[in-house]
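As structure tokens, the structure follows; a few thoughts come after it.
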Amino acid sequence: MKRVLVLYYSQSGQLRDVIDSITTPLQDSGAIECDCRAIKPVHPYPYPWPFYRFFDAFPEAVNLDGCDVESIELAKEYDLIILGYTSWFLSPSIPVTGFLKSAQARALFKGKPVVTVIACRDMWLIAQEKMKGMLKDLGACLLDNVVLTDQGESIYTFVTTPRWLLTGKKEAFWGFPQAGIASEEIAAASRFGERLVLALGDDRERGYTPLLSKLNAVNVNGKLIASERIAHRSFLIWSRLIKRAGAPGSRGRNLVITVYVVFLLSMIITVVPLNILLRKCLYPFRKDAIDKAVADYEKPSGH
């Protein structure tokens, strides 16, 4: 009997739905014991988010300052670990980071094959690079990465995703699509679980090679690579400024957050459209470099 540990942190419940879709074939196989556990912060984060509380989490997320999490009662050994997370400000969510930096994670992940599962808006490349670093520090082996992103073009999700996070409303409105990942895509994620059942049956997880190749597990939008890199550099600068302004929830920090939000909105209105136009103009000249970057970011599972 193979043992699979599934860890995740989900606020809205969407990531949990993705995890359920992937793990149902494992649970139904009869040959796999699937141990599904939610990561729980000692001090829970709110959902929907109050405005200032949302941006108050920004510096800690960007700088991988994890929060305290509850210890999880687990078996001693697992053949495979599935780790589900969402992207907070181009970084793994704070509770997931907190768990990965815990003593329990150091003992649990060492030498283990891992499959990461991401559910997010559309920018996850930097978050996964940070995740790779944390897993490497734990001595784990990343076999595969699965990414599901919100429906609709980026210009729409700039509106629908923040609205969902700050109000809890995800229905379509004013010509904007419904927020979040399409229900059909979540249901189709069961194909990854079906492949894992076959792979575990053949002991392929012991080979430390990708198990989910040619299943469209990852689809990198090359046009967003430069934008994400630029945004992350900006996040690093502003996160340090906000941290220096005071402790979480302090008046000084809220003041700098207000300045930052005004700056962010002005960038979205002015610089982002210009950047989109510039990328389209330069794409034919940078196609080879972009294609190479896409291939690198889509590893280990590939498209």
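Considering ARG233, ARG204, ARG163, ARG195, which residue is of a type in the set (Lys, Arg), free of Cβ contacts under 8 Å to residues at least 40 places away in the same chain, surrounded by 15 or more Cβ atoms within 10 Å (Cβ to Cβ) and over 23 Å from VAL114 (Cβ atoms)?
Testing whether each residue is of a type in the set (Lys, Arg), free of Cβ contacts under 8 Å to residues at least 40 places away in the same chain, surrounded by 15 or more Cβ atoms within 10 Å (Cβ to Cβ) and over 23 Å from VAL114 (Cβ atoms) leaves just ARG163.
Residue by residue, here is whether (1) within 19 Å of the chain's Cα centre (by Cα); (2) touching a residue at least 12 places away in the same chain (Cβ under 8 Å) holds:
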position: GLY175; (1), (2): no, no
position: GLN178; (1), (2): no, yes
position: GLU185; (1), (2): yes, yes
position: ALA189; (1), (2): yes, yes
position: LEU200; (1), (2): no, yes
position: TYR208; (1), (2): no, yes
position: LYS214; (1), (2): no, yes
position: ALA226; (1), (2): yes, yes
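Within the stretch 198-223, how many residues are assigned to a helix (DSSP H, G or I) and either under 21 Å from GLY111 (Cα atoms) or touching a Leu at 6+ places or on another chain (Cβ under 6 Å) (or both)?
In the first step, residues of the stretch 198-223 are kept if they are assigned to a helix (DSSP H, G or I); the result is 198-201, 204-207, 222-223.
Then drop every residue that is not either under 21 Å from GLY111 (Cα atoms) or touching a Leu at 6+ places or on another chain (Cβ under 6 Å) (or both), which leaves 199-201, 204-207.
The qualifying residues number 7.
Within the stretch 9-38, the set of residues being part of a helix (DSSP H, G or I) and among the β-branched types (Val, Ile, Thr) comprises VAL18, ILE19, ILE22, THR23, THR24.
Which residues, counting only those in the stretch 25-49, are within 24 Å of SER87 (Cβ to Cβ) and touching a residue at least 24 places away in the same chain (Cβ under 8 Å)? The answer is CYS36, ARG37, ALA38, ILE39, LYS40, PRO41, VAL42, HIS43, TYR45, TYR47, PRO48, TRP49.
Against the condition surrounded by 14 or more Cβ atoms within 10 Å (Cβ to Cβ) and either over 25 Å from THR23 (Cβ atoms) or not polar (S, T, N, Q) (or both), how does GLY246 come out, does it pass? Talk me through it step by step, then tell me what you get.
Values: surrounded by 14 or more Cβ atoms within 10 Å (Cβ to Cβ): yes; either over 25 Å from THR23 (Cβ atoms) or not polar (S, T, N, Q) (or both): yes.
The answer is yes for GLY246.
So which of TRP124, TRP174 ends up being closer than 30 Å to ILE269 by Cα and surrounded by 23 or more Cβ atoms within 10 Å (Cβ to Cβ)? Step through it out loud before you land on a result.
Numbers: TRP174 fails: surrounded by 23 or more Cβ atoms within 10 Å (Cβ to Cβ).
Sole residue among the options that is closer than 30 Å to ILE269 by Cα and surrounded by 23 or more Cβ atoms within 10 Å (Cβ to Cβ): TRP124.
So that you can scan it fast, the table gives a plain yes or no per residue for (1) in the same structural domain as GLY180 (by TED's automatic domain parsing); (2) surrounded by 16 or more Cβ atoms within 10 Å (Cβ to Cβ); (3) of a type in the set (Gly, Ala, Ser):
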site: ARG16; (1), (2), (3): yes, yes, no
site: ASP20; (1), (2), (3): yes, yes, no
site: PRO25; (1), (2), (3): yes, yes, no
site: SER29; (1), (2), (3): yes, yes, yes
site: PHE51; (1), (2), (3): yes, no, no
site: GLU60; (1), (2), (3): yes, yes, no
site: GLU70; (1), (2), (3): yes, no, no
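The values are calculated or read from the model by the stated rules, or taken from the named source; none is laboratory data. Nothing here was measured: the structure is a model prediction, and the numbers come from that model. A quick note on method: Cβ atoms are made from the backbone with ideal geometry, for glycine too, and the neighbour counts reach across all protein chains shown.
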